[in-house]
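Quick notes on the structure that follows.
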There are 2 protein chains.
Amino acid sequence: MPAGTDQTLRPFLWRAANLYPDTEIVSRNHDGMQRYTYSEYDDRTAQLANALEEYGIEEGDRVGTFCWNHSRHFETYFAVPSMGAQLHTINPLLPDAHIQYIVDNADDQLIFVDQSLAPKLAGAVADADDEFDGVEFVVMGSEESDDLESTAYESFINGHSSDYDWPNVSEEQPAGMCYTSGTTGNPKGVEYTQQMLWSHTMASQTPQGIPMADDDVVMPVVPMFHVNAWGMPFTATAGGAKQVFPGPSPDPEDLAGLIENEGVTISAGVPTVWLGLMEYCSENQVDLSTLETVIVGGSAAPKSMIEWFDDQGVEVLHAWGMTEMAPIGSVSHLKADLQDADYETQVNKRSKQGLMVPGLEFKVIDENGEEVDWDGEAFGELWMRGPWVTTEYFKRPEANEAEFEDGWLKTGDVVTVDEDGYIEIVDREKDVIKSGGEWISSVALENAIMAHDDVSEAAVVGVPHERWQERPVAFVVPTADADREALVDEVTEMLADEYPKWWLPDEIEFIKNVPKTATGKFSKKDIRDEYADQSLVDGRVPEDAAPDRD
Amino acid sequence: MPAGTDQTLRPFLWRAANLYPDTEIVSRNHDGMQRYTYSEYDDRTAQLANALEEYGIEEGDRVGTFCWNHSRHFETYFAVPSMGAQLHTINPLLPDAHIQYIVDNADDQLIFVDQSLAPKLAGAVADADDEFDGVEFVVMGSEESDDLESTAYESFINGHSSDYDWPNVSEEQPAGMCYTSGTTGNPKGVEYTQQMLWSHTMASQTPQGIPMADDDVVMPVVPMFHVNAWGMPFTATAGGAKQVFPGPSPDPEDLAGLIENEGVTISAGVPTVWLGLMEYCSENQVDLSTLETVIVGGSAAPKSMIEWFDDQGVEVLHAWGMTEMAPIGSVSHLKADLQDADYETQVNKRSKQGLMVPGLEFKVIDENGEEVDWDGEAFGELWMRGPWVTTEYFKRPEANEAEFEDGWLKTGDVVTVDEDGYIEIVDREKDVIKSGGEWISSVALENAIMAHDDVSEAAVVGVPHERWQERPVAFVVPTADADREALVDEVTEMLADEYPKWWLPDEIEFIKNVPKTATGKFSKKDIRDEYADQSLVDGRVPEDAAPDRD
Ligand SMILES: Nc1ncnc2c1ncn2[C@@H]1O[C@H](COP(=O)(O)OP(=O)(O)OP(=O)(O)O)[C@@H](O)[C@H]1O
Ligand SMILES: Nc1ncnc2c1ncn2[C@@H]1O[C@H](COP(=O)(O)OP(=O)(O)OP(=O)(O)O)[C@@H](O)[C@H]1O
Ligand SMILES: [Mg+2]
Ligand SMILES: [Mg+2]
């Protein structure tokens, strides 16, 4: 059989270590700033592999991490998969029950844990049944933890050779594993083979993705404990870029300092990260002049954010992805023929989730199982397939049954596609409100409500309804000095201007805050559990809870 | 097993057809200029697939092409592999014997042939034993050929549906096949699986490769009949770029016209193509202002070429590759830390063959089987491995035995690597001259000789020598009005200034021209066969035919 050699992560490390031995990796670690080169990184990664081998980790074994973004965490990123084992990053912000479930489900043997996260992990361990049986811990630093029986990382790797004869790992070998955020249910495990991570890295490197080169300084604020920090540590290494890791719970001041001092050119984070930085910049003198690209994803990027960064001369790339896709799907690059459009048109396009990168295919399926028109109006569920789109969940047969069909991943995201091929997420399949056989976008209503100055947050959920299946109810967090009565009227009026009558929420309820998931997203599941029941809309049957059909 | 879906070419076509339906494909065809869109391309490609299916082509069947770069040829590029068959491009410039050998070796069932190339192919057919038995022909145009029993392409596809339900082809399925140039022996077949072409496309799209986006206009002058035009038609499609095909035997005027009229931004060709254009531009007013990047490869790019294009504001990217690698290996991007170097340093770097793209690994092995130092001096044979580097030749067990080891391809190219990781080709393993146990670079001597104004071409080969194994002899094509006697002395003096004594050719012979291969390279094999024998150096045993060893 003709073939090339297997697609693995090893050549990316090889390339950086050999072509860019002096390029820096800078990290805000628990024990201070660390600054070294790819050459030293290569040595330490080999030491770690030797230490893991001596410890007993073998091909196929699963190694966990419970860490922020820093250089030692990055060392596990290449050492573990390149020796043939599987790196399982655990989100430390999850509730204990999820952590216990995940460690048990993944069957981790050894977990690397940050000093500052050891108490949290210790809590989950103390509280566990047998989920942590046999699991051992290495603490990321020079000292052991008082909270957990553990070894210190530096003594774990110390004395080991800085040469390691990296094996020829099969491209089918699972190299990584992440769990979804658990926004819509229990987190689901997604395994990444070497081939999937290789494909994702290469697709990220295309001009249609988020390419990185040796003149870039890359700072992932997106956590390495969640979808591999969008694969940026791999992509940056492949491209020979300088890397900057912002360390434990970075605040806007930390980020601003790193951007200024290290000359960051590309960074990525969820919208709340950038909202924090924007606020910080409005109160402090911050030099963003080196920054070229800010990638925003995980939740929708507000237009105002794109505009604010434009004013600073920084390009926002809005991106959409999922844990199931390692995660990159679409990136909102402006098409060549829109370069001459007026600014508003451009910002409207760029605030959509964008164009699929090369290598992926998608289709959008409406309630009747038909593909929708690409008109920017019709919506349906987004189905994806491609070399880095998983075709199964880890040990979740019922989810596999429900969420895959004919090799397609049913994303659970509801989208429109416009004439130019830009997708826009209008909702989650589980959040979309089904009224009278038609769909109402909860996200569209939320955004419209949040556009009111006196609203700080809003979530809209569907509550069961006998006649109309579901009806929308809005949960609104007003600002401190809002006039609540006026607010209800004003919001209703605003919505009535923009949307058909049958979209209008049957009720507007005030709440203290919108519950969030471990990755900071609105948890509508919790809202539904906590607040929504049919009594909220009983007795308020609207005349038109579906469009006219004539 | 977790996995993504297979890596195939299909999503690239899908992406262009759906995201860039109105982007143009422009082609200088035999029957005039053709101009259509990706949407029409998509339709015609589907028609072609339907026609091929009706004709009887099945998964795994091999379909040949004998064509220049044009839109119909491009239609076969996606139709044939995406229906699960294998596209075999045949170099029409090869001698008849090679063509017969290749068609027989590849077992082609159907061959698409250009009107202008039909006489050449008919000649090879008429002259054949049984190599063409059962092979049928389709002529690329609306008319049949007078030279070959054939169908016209347009009637072949006419009436077929413009929808085709592209199957899920396995990534291990051979999708393409090319033969090497035959510079060093009989051409060797290299099969490309879907996965190899996918990998090559993605690697080309990295910033370290030759990335293409929707604001690009891509014109491959490198022939589609040789190494898939360096994969550019696939890469351009993945990126959604406008494509321009220069058609049958394009001359400099044709190329200049297409660049001007179509706004070409990226083009690629062998050095002789660009020498032709440079000459044409010196005599004609040509607007190269849209041109951003010119890729030069196949043979070494002269420094003067890089400088000339710099003067026009066009960046030359010197690239190295092989049929065995589909073909891209290294590209001579200037590293970030060389951006501030002086111009001469930069041009020196850029005239090397460059830095390996992400995904590849290499090593350089000297005569003693040791890896050489990266000092820009020591040289040895380049060994390559990676997902798009073949691990075998087609039906050539003896070559497979000789040219692969432990998953590495022994390229037969002799290179140095400098401190920055740039490789420089100094020779072919078969052309390097072994004198007294040491190697002499024939290419270095040739370049030095060709630097003389009165020399138009020069080739240096090693002739067998009893005491020293081999000794160099130079074959020089002088310019018309050269003073031959003075030339010998001046060349000898020039070489003596630059190289150790034992490198100096024992003889300088004048010849009319240097024989060339079908891809325009110096054919030293032919020189050796024709001219070189031991008598040339007999009686001229130099004192120092190897370095001092003390
Ligand atoms: N740019 C974006 N705009 C809007 N939504 C986004 C964007 N990027 C990602 N998302 C949302 O995040 C989802 C992927 O998140 P993730 O994989 O972390 O888990 P989750 O879907 O939130 O949790 P779970 O699958 O466990 O319910 C996408 O399916 C989409 O709903
Ligand atoms: N930029 C370049 N500079 C110098 N040589 C190059 C360059 N690019 C390619 N080459 C040469 O071309 C070779 C690849 O050419 P190709 O695959 O067309 O066949 P060939 O090696 O000439 O023929 P055969 O393998 O049949 O002897 C490389 O191995 C190298 O020797
Ligand atoms: Mg999800
Ligand atoms: Mg060769």
Legend entry - For residue B:97, label point 7 Å along C-beta direction: distances to other copies, nm: 8.0
Inset, instruction - Round to the nearest 10 and give me the degree value, 0 to 90, for the angle of helix A:252-262's Cα axis relative to the longest principal axis of chain A. - result: 50
Legend entry - In order through segment B:29-35: 3J(HN,Hα) via Karplus (6.51 cos²θ - 1.76 cosθ + 1.60), integer Hz, x for Gly, Pro: 9, 4, 9, x, 6, 10, 9
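Using a Förster radius of 25 Å, what is the FRET efficiency between residue A:529 and residue A:186 based on their Cβ-Cβ separation? Nearest 0.05, please.
Working from the Cβ atoms, E equals 0.95.
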Legend entry - Rg to Rh, two decimals, where segment B:469-529 supplies the alpha carbon set and Rh follows Kirkwood: 1.00
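Stokes-Einstein at 20 °C, 1.002 mPa s, Kirkwood radius from Cα pairs: D for segment A:433-536 in µm² s⁻¹?
Working: Rh = 13.8 Å.
Calculated translational D: 155 µm²/s.
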Inset, instruction - Please list, or write none, the aspartates and glutamates whose alpha carbon is within less than 13 Å of the alpha carbon of residue A:525, excluding same-chain residues fewer than 8 places away. - result: A:429, A:431, A:533
Legend entry - Span from the segment B:147-182 Cα centroid across to the segment A:493-517 one, whole angstrom: 56
Inset, instruction - Please give the contour-minus-distance gain from residue A:292 to residue A:419: 0.36 nm per residue of separation, less the Cα-Cα distance, rounded to one decimal in nm. - result: 42.9 nm
Legend entry - Rounded to whole Hz, the Karplus (6.51, -1.76, 1.60) HN-Hα couplings of segment A:316-328, x for glycine and proline: 8, 10, 7, 10, 10, x, 8, 3, 4, 10, 6, x, 6
Inset, instruction - Name the residues whose placed amide hydrogens come within less than 5 Å of the amide hydrogen of residue B:188, ignoring near sequence neighbours (fewer than 5 apart) on the same chain. - result: B:180, B:182
Legend entry - Inter-copy spacing of residue B:36 label points, which lie 7 Å from Cα along Cα→Cβ, given in nm from shortest upward: 5.8
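With charges set only on the Cβ (+1 for Lys and Arg, -1 for Asp and Glu), what does the dipole of segment B:359-428 come to about its Cα centre, in debye to the nearest 20? Intermediate results must be reported in sequence, preceding the final value.
Values: 6 positive and 21 negative charges, 128 e Å.
Charge dipole, segment B:359-428, about its Cα centre: 620 debye, nearest 20.
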Inset, instruction - May I ask you to list the lysines whose Cα is less than 17 Å away from that of residue A:524, ignoring any residue fewer than eight positions away on the same chain? - result: A:430, A:434, A:512, A:516
Inset, instruction - Set the Förster distance to 60 Å, then compute FRET efficiency between residue A:22 and residue B:492 from the Cβ-Cβ distance, nearest 0.05. - result: 0.90
Legend entry - Per-residue mean of C-beta atoms belonging to partner chains within 10 Å, peptide B:351-357: 2
Inset, instruction - Take the eigenvalues of the Cα gyration tensor for the protein assembly as shown, scale each by 5, and report the square roots as semi-axes in whole Å, largest first. - result: 55, 36, 26
Legend entry - Rh by Kirkwood over Cα pairs, then Stokes-Einstein D for chain A at 0.890 mPa s and 25 °C, µm²/s: 100
Legend entry - Karplus 3J(HN,Hα) series, Hz, for segment A:102-109 with 6.51 cos²θ - 1.76 cosθ + 1.60 (x for Gly, Pro): 5, 5, 5, 4, 7, 6, 5, 9
Inset, instruction - State the volume of the convex hull built on the alpha-carbon positions of segment B:69-158, expressed per residue in Å³ and rounded to an integer. - result: 94
Inset, instruction - Taking H placed 1.01 Å from N in the peptide plane, check which residues at least 5 places from residue B:295 or on another chain put their amide H under 5 Å from its amide H. - result: B:267, B:268, B:269, B:317
Legend entry - Charge-dipole axis of segment B:12-168 as Lys and Arg at +1 and Asp and Glu at -1 on Cβ define it, positive-most pick from B:156, B:13, B:116: B:13
Inset, instruction - Treat every Asp and Glu Cβ in the protein assembly as shown as -1 and every Lys and Arg Cβ as +1, leave all other atoms uncharged, and give the resulting dipole magnitude about the Cα centre to the nearest 20 debye. - result: 500
Inset, instruction - Among A:496, A:514, A:476, flag the residue with its Cα farthest along the positive direction of the charge dipole of segment A:433-536, charges on Cβ as +1 for Lys/Arg and -1 for Asp/Glu. - result: A:514
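Of all the Cα-Cα pairs you can form in segment B:359-428, what percent are over 14 Å apart? Working shown, then result.
On the way: 1404 of 2415 pairs.
Summing the P(r) tail past 14 Å for segment B:359-428 gives 58 percent.
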Legend entry - Estimated distance in nm for a label pair at residue A:373 and residue A:304, the labels positioned 7 Å out from Cα along Cα-to-Cβ: 3.5
Inset, instruction - Rounded to the nearest Å, what's the spacing between the alpha carbon centres of segment B:1-53 and segment B:355-407? Just the number, please. - result: 35
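Per-residue ellipticity at 222 nm for chain A, helices alone: DSSP H runs ≥ 4 residues times -39500 (n - 2.57), over residue total, nearest 500 deg cm²/dmol? The partial results should precede the final answer.
Values: 17 runs with 167 residues, N = 550.
Mean residue ellipticity, 222 nm, calculated: -9000 deg cm²/dmol.
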Inset, instruction - Could you work out the Rg to Rh ratio of segment A:223-296, with Rh taken as the Kirkwood radius (inverse of the mean 1/r over all Cα pairs)? - result: 0.94
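Among B:450, B:202, B:33, rank each residue by its count of other Cβ atoms within 10 Å, from fewest to most, as a rough exposure measure. Each step should come with its number before you reach the end.
Details: B:450 17, B:202 34, B:33 12.
Ranking B:450, B:202, B:33 by Cβ neighbours within 10 Å, fewest first, gives B:33, B:450, B:202.
Quick check: residue separation of residue A:466 and residue A:281 times 0.36 nm, minus the Cα distance between them. What number comes out in nm?
Working: separation 185, 0.36 × 185 = 66.60 nm, distance 5.02 nm.
Here the segment from residue A:466 to residue A:281 would lengthen by 61.6 nm.
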Legend entry - Estimated inter-spin distance, residue B:149 and residue B:484, nm [label 7 Å along Cα→Cβ]: 5.3
Inset, instruction - Give, rounded to the nearest 20 debye, the magnitude of the charge dipole that segment B:433-536 has about its Cα centre when Lys and Arg contribute +1 at Cβ and Asp and Glu contribute -1 at Cβ. - result: 640
Legend entry - Given charges at Cβ of Lys, Arg, Asp, Glu: segment A:132-190 dipole, positive-most of A:166, A:184, A:137: A:184
Inset, instruction - State, to one decimal in nm and shortest first, how far the label point of residue B:376 sits from each corresponding label point in the other identical copies (label point: 7 angstrom along Cα-to-Cβ). - result: 5.4
Legend entry - Nearest-to-axis residue of chain A, judged by beta-carbon position, where the axis maps A onto B, in Å: A:202, 2
Inset, instruction - With a Förster radius of 22 Å, plug the Cβ-Cβ distance of residue B:311 and residue B:251 into 1/(1 + (r/R0)^6) and report the FRET value to the nearest 0.05. - result: 0.45
Legend entry - Nitroxide proxy distance, nm - points 7 Å out along Cα→Cβ at residue B:172 and residue A:341: 4.5
Legend entry - Between segment B:269-321 and segment A:93-111, the Cα center-to-center distance that results, in Å: 58
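Computed from the coordinates by the stated procedures, all read-outs in this text should not be read as laboratory data. None of these values were measured; they are calculated from a predicted model. Because the Cβ atoms are built from the backbone with ideal geometry, glycine has one as well, and the counts that use them run over all protein chains shown.
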